[in-house]
1. Neighbour counts of other C-beta atoms within 10 Å: give me F58, F7 arranged from fewest to most.
2. Among V24, V47, which comes first, second and so on when ranked by fewest other beta-carbon atoms within 10 Å?
3. Long-range amide H contacts for F58: which residues qualify at under 5 Å (H placed 1.01 Å from N, peptide plane, sequence gap of 5 or more or a different chain)?
4. Nearest 0.05, what FRET efficiency do M82 and D57 give at R0 = 30 Å with Cβ-Cβ as r?
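Each value in this text was obtained by applying a stated rule to the coordinates, not by laboratory testing. What you see is a predicted model; the values in this text were computed from it and never measured. When we count neighbours, we look across all protein chains shown, and the Cβ atoms used for this are built from the backbone with ideal geometry, even at glycine.
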Amino acid sequence: MKTIYKFPLSIGNISLREADTKIVIPKGKGKIRILSAALDFSGKLCVWILCDDKGVDFHLKFRVRGTGHSCEDVLHWPYVGMVNDRSYIWHVFAEPSNGVIYLDNEMKL
């Protein structure tokens, strides 16, 4: 079975210009596809991930950068998307990981 899960992300301290969120997708949620990043109904920055219900744990790291912030450390990370929270524009990146299908890749779950 395939299921979509929502995971909140940390925006972090704007003055530090860095925010990492580590997510563990529990055992039984094998091959995954990152679908999108957006604000949920309460205004929290989240990612939505499509999971296949067989496989092993995934440990993912997401990094959020604001427009105008340094992004040298994420140049080779897949881009998940841009989110506008009406005060800032945030850019979400996912640390490269085997077994993850990113937005631009064909889905074969």
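1. F7, F58
2. Placing the least packed residue first, the sequence is V24, V47.
3. Those qualifying (amide H under 5 Å, at least 5 residues apart or on another chain) are I25.
4. It comes out at approximately 0.55.
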